[in-house]
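Just below is one structure, and these are the notes that go with it.
The values are calculated or read from the model by the stated rules, or taken from the named source; none is laboratory data. All values reported here derive from a predicted model rather than from experimental measurement. Ideal geometry is used to build each Cβ from the backbone, glycine not excepted, and the neighbour counts take in all protein chains shown. Ligands, DNA and RNA are excluded from the accessible area calculation, which covers all protein heavy atoms including side chains. Shrake-Rupley method; radii C 1.70, N 1.55, O 1.52, S 1.80 Å.
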Amino acid sequence: MNGNLSSERKILLLSHYASYAMQDLLFEYFTKHKAILVTKINFPLLYLPFLKQIEITTSEKGKTISFKKIASLLKPKPIAYVLQIIQLIYVVIASRYRYDVLIAQDSLLAMGGIFIRAIGKCKKVILYSHGTGKTRFDNKIFQIIYETVDKFIARQSDYNFVLSQGMVEVRRKQGIASDKVFWIPASIPLDSLSRKKAVNNKKIIFIGVLDARNGVSILPDVIAFVKRKFPTVNLDIIGDGVFLDLLKTRTKALGLRKNIHFLGRLSLKDYAANLTNYSIGIAPYEFSENNLTQITDPMKVRLYMSAGLPIVVTKNFTFSEEIRKNNLGFAVDYNVESFSDKLIQLLSDNEFSNRMRVRTLEYSKKYDLHVFYNKVFEKIL
């Protein structure tokens, strides 16, 4: 995107946040290009108890000028989500700004975006969706409402960004024209982190929300298994979530407090220089045919790739097949033994592991996020 075009734009970014993700990358992109105004509003995900406030960050011409938090209702969930939309509309109406583009990370926030467009506070709405989860709500009525709203909002938005190529077909089947749907994978700009072609250690990394969908409950037992072969094996866990206490309790029970370290929620800049120093990235998703992971492109996998890490991941997902077919790691059954065996194989043969690392570094070049952003925003802004 050229500088003149960027400097003329006012951007509003909306998301439900759990960790460093797409809204942060978009904020950094537009800030780097000195957009005249960028406002990022992060809303708490209601199933994550450590997120309790709405966070609002504003940047003008490349410099962050304000950051504030406001309270938000957390439960009951249906009422809380509705209140978030009301709060969003209030915040935007109360501000003096009008935006050229509003980018919403999910259909619930994009619904508020449609109203904001209708009252003239933004010109275009982009729905940036991970996918459509078939089990997002336990209540069947709420689930039907969610899927109906997602389809309606996708069709009412000016453009649709999707994280997985599978979602391109979903949007097309919903009657959205091909030139209104853009695949932008979960990834990062490659120049934002260090990329080493060789390391030699026993360090493993997990990045993500600590919950059932991310399969984290097996991590302590996996490390206990690997420790039998490599007593100095180390697992760093970046993230937070409802399973944090469970993981800490299990870690203590297995005598692994020197092997497993909980680093909390970190931004990319906090670990950008060190991620490449790990030997392996682990992604033990709990397999389900219905959850959102089936049709999304997870950030942690792209982060591992960008840093060159061989990856051990649960099999039968689209992205795990990508890893297997391109020999970037291993796709295994979701159990302690399967993950442990491949971790031991990689840690036992440093030459083999580093060859895989070189392949991964080369493969990740096609996912440089700013290349995707440049092409899309040149076309639609």
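Mind telling me which of the residues Ile103, Ile70, Ile56, Ile114 ends up being surrounded by 13 or more Cβ atoms within 10 Å (Cβ to Cβ), under 24 Å from the mean Cα position of the chain (by Cα), of a type outside the set (S, T, N, Q) and over 25 Å from Thr148 (Cα atoms)? Steps first, please.
On the way: Ile103 fails: over 25 Å from Thr148 (Cα atoms); Ile70 fails: surrounded by 13 or more Cβ atoms within 10 Å (Cβ to Cβ); Ile114 fails: over 25 Å from Thr148 (Cα atoms).
Going through Ile103, Ile70, Ile56, Ile114 in turn, just one is surrounded by 13 or more Cβ atoms within 10 Å (Cβ to Cβ), under 24 Å from the mean Cα position of the chain (by Cα), of a type outside the set (S, T, N, Q) and over 25 Å from Thr148 (Cα atoms): Ile56.
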- Task: Looking at (1) outside any loop (DSSP other than H, G, I, E, B); (2) in contact with a Phe, Trp or Tyr (Cβ under 9 Å, 6 or more places away or on another chain); (3) open to solvent by less than 20 Å² (accessible area, probe 1.4 Å); (4) modelled with pLDDT of 90 or more, find the lone condition where Met167 falls short.
- Result: (4)
- Select from region 225-264 the residues that are basic (Lys, Arg) and out of contact with any Pro (no Cβ under 7 Å at 6 or more places or on another chain) and write down the one among them that is least open to solvent (accessible area, probe 1.4 Å). Lys227
- Message: I'd like the residue in region 14-53 that is among the small types (Gly, Ala, Ser) and at pLDDT below 85 and, out of all such residues, is most open to solvent (accessible area, probe 1.4 Å).
- Response: Ser19
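Might you let me know whether region 227-246 holds any residue that is over 30 Å from Pro44 (Cα atoms), in a helix (DSSP H, G or I) and not hydroxyl-bearing (Ser, Thr, Tyr)? Give the derivation first.
Keep residues of region 227-246 that are over 30 Å from Pro44 (Cα atoms), which gives 227-234.
Filter again for in a helix (DSSP H, G or I), leaving 227.
Of the ones still in play, those that are also not hydroxyl-bearing (Ser, Thr, Tyr) are 227.
Yes, some residue in region 227-246 is over 30 Å from Pro44 (Cα atoms), in a helix (DSSP H, G or I) and not hydroxyl-bearing (Ser, Thr, Tyr).
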- Task: Please state which one of Gly308, Gly281 is within 23 Å of Asp191 (Cβ to Cβ), in contact with a Lys or Arg (Cβ under 6 Å, 6 or more places away or on another chain) and open to solvent by less than 40 Å² (accessible area, probe 1.4 Å).
- Result: Gly308
- Could you list all residues from region 311-356 that are of a type outside the set (Val, Ile, Thr), in contact with a helix residue (DSSP H, G or I) (Cβ under 9 Å, 6 or more places away or on another chain) and closer than 18 Å to Ala198 by Cα? Asn327, Leu328, Gly329, Leu343, Gln345, Leu346, Leu347, Phe352, Ser353, Met356
- Message: Exactly one condition in (1) touching a Lys or Arg at 6+ places or on another chain (Cβ under 6 Å); (2) assigned to a strand (DSSP E or B); (3) over 19 Å from Leu381 (Cβ atoms) is false for Ser66; which is it?
- Response: (1)
- Message: Of everything in region 330-347, what is open to solvent by less than 70 Å² (accessible area, probe 1.4 Å) and touching a residue at least 40 places away in the same chain (Cβ under 8 Å)? Give them in sequence order.
- Response: Tyr334, Asn335, Val336, Phe339, Ser340, Leu343, Ile344, Leu346, Leu347
- Conditions (1) in contact with a Leu (Cβ under 8 Å, 6 or more places away or on another chain); (2) open to solvent by less than 20 Å² (accessible area, probe 1.4 Å); (3) polar (S, T, N, Q) -> Ser194 fails only (2)
- Task: Determine, yes or no, whether Phe206 is out of contact with any helix residue (DSSP H, G or I) (no Cβ under 7 Å at 6 or more places or on another chain) and within 30 Å of Val371 (Cβ to Cβ).
- Result: no
- Query: Lys269 fails exactly one of the following numbered conditions: (1) in a helix (DSSP H, G or I); (2) more than 19 Å from Ser306 (Cβ to Cβ). What is the number of that condition?
  - Reply: (2)
- Do we have any residue at all in region 136-149 that's β-branched (Val, Ile, Thr) and buried (at least 16 other Cβ atoms within 10 Å of the Cβ)? no
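For the structure I just gave you, tell me whether Val199 is of a type in the set (Val, Ile, Thr), surrounded by fewer than 21 Cβ atoms within 10 Å (Cβ to Cβ) and in a loop (DSSP other than H, G, I, E, B).
Numbers: of a type in the set (Val, Ile, Thr): yes; surrounded by fewer than 21 Cβ atoms within 10 Å (Cβ to Cβ): yes; in a loop (DSSP other than H, G, I, E, B): yes.
Yes, satisfied.
So for region 85-103 (the condition being modelled with pLDDT under 85 and of a type in the set (Ser, Thr, Tyr)), does at least one residue qualify? Walk me through it before giving the result.
Within region 85-103, the subset modelled with pLDDT under 85 is none.
No, region 85-103 has no match at all.
Please enumerate the residues belonging to region 79-94 that are open to solvent by 10 Å² or more (accessible area, probe 1.4 Å) and either touching a residue at least 40 places away in the same chain (Cβ under 8 Å) or of a type outside the set (Ser, Thr, Tyr) (or both).
Going residue by residue through region 79-94, those that are open to solvent by 10 Å² or more (accessible area, probe 1.4 Å) are 79, 81-83, 85-87, 89-91, 93-94.
Matches in region 79-94: Ile79, Val82, Leu83, Ile85, Ile86, Gln87, Ile89, Val91, Ile93, Ala94.
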- Message: Against the conditions (1) in a helix (DSSP H, G or I); (2) of a type in the set (Ser, Thr, Tyr); (3) within 21 Å of Gly208 (Cα to Cα); (4) touching a strand residue (DSSP E or B) at 6+ places or on another chain (Cβ under 8 Å), where does Tyr334 fall short? Just the number, please.
- Response: (1)
